[in-house]
Structures are given as C-alpha cells and as structure tokens.
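The values are calculated or read from the model by the stated rules, or taken from the named source; none is laboratory data. Quantities reported herein were computed from a predicted structural model and do not represent experimental measurements. When we count neighbours, we look across all protein chains shown, and the Cβ atoms used for this are built from the backbone with ideal geometry, even at glycine. Just the protein is used for accessible areas: all its heavy atoms, side chains included, with ligands, DNA and RNA removed. Shrake-Rupley method; radii C 1.70, N 1.55, O 1.52, S 1.80 Å.
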Amino acid sequence: MSPSQTPETEQAARPDLSDDPHAVLRSLLGDHVLGFEEHVNAPAVVIRPDAVQDVLSTLETEAGFDHLSCVTAQEYAERYESIYHLTSYDDRTREVSVVVPTAKGDPTSQTAAPVFRTAEWHEREAYDLVGIEYEGHPDLRRILLPETWQGHPLSLDYDQDRPQIVPYREHANPIEDDHQLGETMFINIGPHHPATHGVLHLEATLAGEQVVDLDPDIGYIHRCEEQMCQQGTYRYQIMPYPDRWDWSGGGLLNEWAYARVAEELADIEVPEYAQLLRTLSAELSRILAHMLAIGAYALDVTGDFTATFMYAITDRERVQDLLEDLTGQRLMFNYFRLGGVVWDLPEPREEFFEKVRDFVDSFAGALEEYHDLLTANEILQMRTVDTGVLPPDVAKSYGATGPVARGSGIDYDLRRDDPYGSYPDLDWEVVTEDGCDNYSRLLVRLREVEESAKIVEQCVDRLEDWPESDREIQANVPRTLRPEDDTEIYRAVEAAKGELGIYIRADGTDKPARFKIRGPSFSNLQTLPEMAEGEHVPDMIAALGSLDTIMGEVDR
C-alpha cells in the first residue's frame, strides 16, 4: 500500500468481479487462463498447472484475495484437479476459485506454498489421499497416512483390499548434523499425552530446553469422514456426521456448515423462525466449546484443576442441560435438518426460557471470576504474555481463522462478514485482541462467550414474542435431493475454532461425488511451529493449548 492509500481506497481500487468476472480475470491473468467454470458460490478460473504461483500471487497482490481458505483435490475419469478457494480477510463476500487440471498420466502441478503457507498442509493432504504431485513443494510427503501406505485412498483405482504393511522405523533427528546448535535431542510428545489434547504427535528437537524444530504429526484419528459423507444421501444420511468432527461441543455449528452448503446447493430457503432457533442453539454450542477450551487451558498452563477447570466444566454442564432440553442429546446433537431444525422449543416454553435466562444472568458474574482466576493470575500471565507470538501477516499466510486469528488482531468473523442465520439482526460485536500471543487468544475466548451470551438473550427475547401461528421450523424440502450434475459449491460458517468450510461437487445423484471438509483446526495447527520454535518446552505446550485444537476436526 502506498503512503497515500488507506485501506478503504485500496479496497476501492481492487478489480470488481461482480459484473463480468471472466473478463476481469482474463485481463488480470492473461495467458495463464485456460477457461472458466461457474461454481455456485464464486466464479472459477481454470489455469495451467505450471502457473499456480503466478496466478495466486497476482490474485493476492492485485485483487486482494489474501486468504486461501481451502484446497480441494479430486480425480475425474479423464483428469485430476486441484481447486484453490480464495477469499479476502477484509471482505469475505469476495470469492474466486482457481481450478488447476492435470493430466491423468502425469498428475503434477506447481505448488502454491511460496504464496500461501497454508497450502503446505492442504497440498500434502491432496497428495496423500488423491495422489496429485505438487512440484516445488517444500515437504511433499503423506500427512494423514503413514509414509509406508500403499496407494491413495481417494483415487479411482484404489484397491481397498490391498494389505498395508507399516513397519516400525526409528525416528531420526532432522537437524542432528547442524553443529551450530550444539548438542540436540529428538523427543516425541504424544500421541497419547494429556498436553496434546487428543491423539496428536509432536516430533520435537530440543537444544537444552529450547525448541529448535517442531513437526506436528497428525492422522492418528483419521476416520474417512469425507468418504462416509460421499456415501450418504444429502437429505437424511449426512447430517449426523458433522457433530463428530468437533466433539468439544461445537457440533451444532458444524451441522450448520453442512446445512448451509447443502441448502444453497439445493436452493432451499430456511424460515426465519428456524433461523432464530439455529442461532440460539449455535451460540449455546459456542459457549460449550469455549468453556472446555478455557478450563483445559488453565489446566495446561497453571495446573489449576480444582478451581478453574471444575468451574468451567460446571458452567459447561449447565449449557449442556439447556441443549439436552432442546435437542435431546448432550454431545452429538443432530438437531439441524436441511430447511430448518428437527423440532421446536421444549414445552412448557416459559420454563425453558427461564432456564436460559437464569444461566445468562449468572454467567456474567461467573466470567468476572474467570478473569480473576486467569487473566489477573500472575502465574498465567508469566506463562502466556509475549509467548506463542503469531504476527497477523503470518497468521493470514497460514489461513488461520477464529479466535487464533482474532487474537492476532485480524478482524474476521463469518457471522458478520458473510452473514447467515439471524446474526445480521442482532446486536453483538466481533472480539479482537492485538497482542498476538497466548494471552490474547485466551482473552478472545473469554470475551467471545460474553458476546455469545448476549446473542442467546436476544434470541430468547424474540422467541418469546413470536406469534404461535408463524412458528415454522422447517421448509418444505423434497424427500430426495438430486442437484444438477457437475454443480460445485464451497460454503463456510464461523464454527467454534474458526472457518469451517465444505466443498461439494454434485453428479446428478442423491449423493455427493466429492465432499471436502475444511476444518479450522487443520490450518490453525499448522501455525504451531511458527509460535514454538525458539521458545522453551513449556511455552510450546502453552502455544498448543491456545490453539484449542480438536484432532477429530484436524484428521476428519
């Protein structure tokens, strides 16, 4: 940005894709363009496989597409294809898809990693599961499956009956020969360790107590969620799966991610009353997830089990009681349906409203106690202030979202920036902190549950006054949904951990041909080495806890 430019003038100078996106993209990208497609959510430009970096760099610097949200890979009968889903941190409604086809006999395209660091893990996943090679990638190896795995499970010719032989191999110190660091030691942290918040394996190289190299090893809980969704029908069989991606309590937010993409794909309009019920339940779900994150973080950093952790679990249980009244479940809610929700509020409604108001009224006082126990705690401050630093430009390059991004001062929240549900009609604020450290990420979550409580209270006010004759909980949805063949869409919501996106390609049947999940924890976890290398071991544990990673969402 030149000294005379402001963010507003820079944004105004960006190419406008709304009128004639094909002409604008061809003007920007020139001979790199092979053709165009129309995805439901965005214009799509098809480019040469050797022009990926030039195209993405141009779109980032000249068109303002600075957020690589997701990379989808798939195989057709005659080609392979990578899709880079681009948007902008300061205007989420601006989207473009970059489609990179490669030949069947040589599935190789240029890596996007030098432009967007988040592509490193996304392209590794594409290589691992589909078999596309990314030329120039800094570390192209399997990411979810062992290095000794045979074949690529999402390729069309994959032999599911082929035995997979995975021998034990001793880990090697990746920087053992770097004598400038002196004597180093390679250690494994996890995958079965309470500090890793699930089955996460951290390959750490230490020089004394200092972390000099860190490589997160994921895939221990990979459950083929995308393949299971591809085998389920749009209308009935997919919706139970999203709850399982984030078991911490964010399941209703995950259900909304699938509902949003499928409803737009099938042109289903959700009734306003059902949108309000979704918003109420989703924000209770966000509180559920954040309270576990806050309590577990106190346990990670200060060892505080008897006070903060138990207080957080107690408040979380109160929210679970409310959601159990509403959905009938305490963990895997399965409350959303395409077109709305499965049922209305429990009867008597007044009793349910009273329970919600009692929780909201007491929660304000509880939050003051959490600040006294945590943010005003000298031990926690020593462990978290100025540790795990993640500058905003680095966070953006890795595609960080949610509290991780907002803790680095990035004002990005899909509830406001790509509105859905009842959020545009309610009074609430996007919470940001500019400390960029572990402390800031904790502050963001503590302040976000306060905003969620405000949203819940407003939802109750509106629901109380809603005319009984107009309480439509679900649109009239066809029994069988068959979107048109070769229809493609990518949509996202603001889940508890950040941007949860889903790409679907339809093939004219009642099941998706491709179902790709963009879990926010996947991109957020990729930032851990940036925060931990050069820090001490306890600081690395504090940084990991500040990410609030759920491995079921990372591995899927």
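Each residue, D215 and A77, gets one label point 7 Å from its Cα in the Cβ direction; the gap between the two is 4.1 nm. For trypsin sites (Lys or Arg not before Pro), the sites in region 303-348 that DSSP calls loop and that have at most 16 other Cβ atoms within 10 Å are R330. Site-free segments of the chain were taken between GluC sites (Glu not before Pro) in DSSP loops having at most 14 other Cβ atoms within 10 Å, sites themselves excluded; the longest one is 270-428. Backbone geometry of region 450-459 corresponds, through the Karplus equation with coefficients 6.51, -1.76 and 1.60 at θ = phi - 60°, to 3J(HN,Hα) couplings of 5, 5, 4, 4, 4, 5, 4, 4, 5, 4 Hz, x marking Gly and Pro.
Would you mind calculating the relative contact order of the chain from Cα pairs under 8 angstrom and at least 6 residues apart, reporting the percent as a whole number? Show your work: numbers first, answer last.
Details: 1095 pairs, mean separation 92.2, N = 556.
Relative contact order comes out at 17 percent.
The simple spin-label model puts a point 7 Å past each Cα toward its Cβ; for Q381 and M185 those points are separated by 3.3 nm.
Report the Stokes-Einstein translational diffusion coefficient (µm² s⁻¹, integer) for region 475-544, Rh taken as the Kirkwood radius over Cα pairs, at 37 °C with viscosity 0.692 mPa s.
Numbers: Rh = 15.1 Å.
This corresponds to a translational diffusion coefficient of 218 µm²/s.
For region 75-81, 3J(HN,Hα) computed residue by residue from phi via the Karplus equation (6.51, -1.76, 1.60; θ = phi - 60°) reads 10, 9, 5, 10, 6, 9, 8 Hz, glycine and proline entered as x.
Ignoring any ligand, DNA or RNA, what whole percent of the accessible area of the chain comes from carbon and sulfur when the probe is 1.4 angstrom?
Details: 10150 of 21850 Å².
Whole-percent figure for carbon plus sulfur exposure: 46.
Label 7 Å along Cα→Cβ of D507; region 125-166 residues with amide nitrogen under 11 Å? Those under the cut-off are 156. Calculate, for A364 and D411, the FRET efficiency according to 1/(1 + (r/R0)^6) with r their C-beta to C-beta distance and R0 22 Å; round to the nearest 0.05. Approximately 0.35, to the nearest 0.05. When +1 charges are put on Lys and Arg Cβ atoms and -1 charges on Asp and Glu Cβ atoms, the dipole computed for the chain relative to its Cα centre reaches about 1240 debye. Going through (i) 64, 63, 59; (ii) 122, 85, 56; (iii) 69, 57, 42, the figure that equals Cα extents along the principal axes in Å as computed for the structure here is (i). Normalised per residue, the accessible area of the chain is 39 Å², obtained with a 1.4 Å probe and no contribution from ligands, DNA or RNA. Rounded to the nearest whole Hz, the Karplus-based 3J(HN,Hα) values (6.51 cos²θ - 1.76 cosθ + 1.60, θ = phi - 60°) of region 84-93 follow the sequence 9, 8, 10, 8, 10, 5, 9, 7, 5, 6, with x at glycine and proline.
Under 5 Å from the amide H of E133 lie the amide H atoms of T108, S109, each residue being 5 or more positions distant or on a separate chain, with H modelled from the backbone and absent for Pro and chain starts.
Sequence-distant or interchain residues sharing an amide H contact under 5 Å with L34, placed H: which? Here V46, I47, R48 satisfy the definition.
What the Cβ-Cβ distance of W466 and H22 gives, at R0 = 56 Å and to the nearest 0.05, is a FRET efficiency of 0.80.
Close amide H contacts of V211 (hydrogens built in the peptide plane, cut-off under 5 Å, sequence separation of 5 or more or a different chain): G534, E535, H536, V537. The charge dipole of region 241-346, taken about the Cα centre with unit charges on the Cβ atoms of Lys, Arg (+1) and Asp, Glu (-1), comes to about 200 debye, rounded to the nearest 20.
Under the simplified labelling scheme, the D31-D50 pair shows an inter-label distance of 1.0 nm, with each label point 7 Å from Cα along Cα→Cβ. Between R479 and D321, residue separation times 0.36 nm minus the direct Cα-Cα distance comes to 53.6 nm.
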